[in-house]
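Nothing in this text is a laboratory measurement; each read-out follows from the coordinates by a stated rule. Quick caveat: nothing in here was measured; it's all calculated off a predicted structure. With ideal geometry, Cβ positions are generated from the backbone for all residues, glycine too; neighbour counts draw on all protein chains shown.
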Amino acid sequence: MEYNRFVDLSKSYLFCQMQRGKKLVSDRNVQYPFVTISREAGTGETKITTSLIEHLTRAGNSDDCPWTLYDKDLIKKVVEDYEISGIGGLLPEAKFSDIQTMFEELFGLHPTKREMAHNISKSIMKLARMGNAVIVGRGAFYITRHFRNGLHVRLIGTPQKRIRHLVEKYSFTSKQAAEYIKKEDQRRHDYVKKLFGVDLNDPHHYDLVINIDRLSAQEIIALIADHIELLKEKLALSYHSEELEAV
């Protein structure tokens with residue numbers, strides 16, 4: 001699925017979320033699942049996340065807001081597209097400003113480390129509360145650790161498997177791929193450690209730690225999708241239990 005398709009999904013998602021906000025107060029306690037994806041470099045998360053969105057879109061209820069993907073490149077593209085297309089004029093000015101600010105904050109366009117940690121956390125939590133979002137990286141697994149509607153996934157693989165993926169997908173040499181993996185893994189580790197004081201390699205942070213050496217991309221997608229369905233069932237049961245208790 002191309003990024004342009006995800007830009008359209010993001011627009012539909014945001015409009016849908018605004019419509020949800022107009023519902024009765026009693027409906028606002030309904031929670032919708034979200035997924036965070038943490039990954040080692042070279043695990044092929046782009047193919048996995050884009051295919052996962054396609055799978056969830058096909059399987060979703062027509063009344064649900066569409067599932068969509070939020071990663072660094074997509075958010076920049078969405079913001080640019082909103083500005084170019086003039087879609088901001090279709091939204092209440094304050095609401096559009098909030099959305100654009102959220103996107104800009106999400107990827108640290110105003111970064112001191114302290115401000116960036118605060119802004120990223122705030123924006124990711126907004127997405128988590130809205131649900132139906134796949135959020136890649138940025139320490140989202142830790143920021144949303146207390147949200148009961150989250151599924152936290154970590155993708156790992158042997159260096160050999162990840163090097164082979166980069167060589168085949170991006171035409172790296174084996175040496176270039178190995179250097180990229182080492183540098184990128186360290187950068188991601190340091191980013192989370194400095195901002196949140198935790199080790200993103202600790203498996204206790206995640207609901208699923210998936211080894212790409214063991215499963216194909218389609219098997220990984222099916223595994224995550226199955227867990228999302230289980231989470232939806234748990235959230236629905238919890239919601240109805242709270243309704244009964246309130247009567």
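Using the number of other C-beta atoms within 10 angstrom as an exposure proxy, rank 227, 152 with the fewest first.
The most exposed by this proxy come first: 227, 152.
Taking the convex hull of the alpha carbon atoms in segment 117-247, what volume per residue do you get, in Å³? So the per-residue Cα hull volume is 130 Å³. State the Kirkwood hydrodynamic radius of segment 115-193 in Å, one decimal place, computed from all pairs of distinct Cα atoms. When all Cα pairs of segment 115-193 are included, the Kirkwood radius is 14.5 Å.
Counted by neighbouring Cβ atoms within 10 Å, the residues 130, 125 run from fewest to most as 125, 130.
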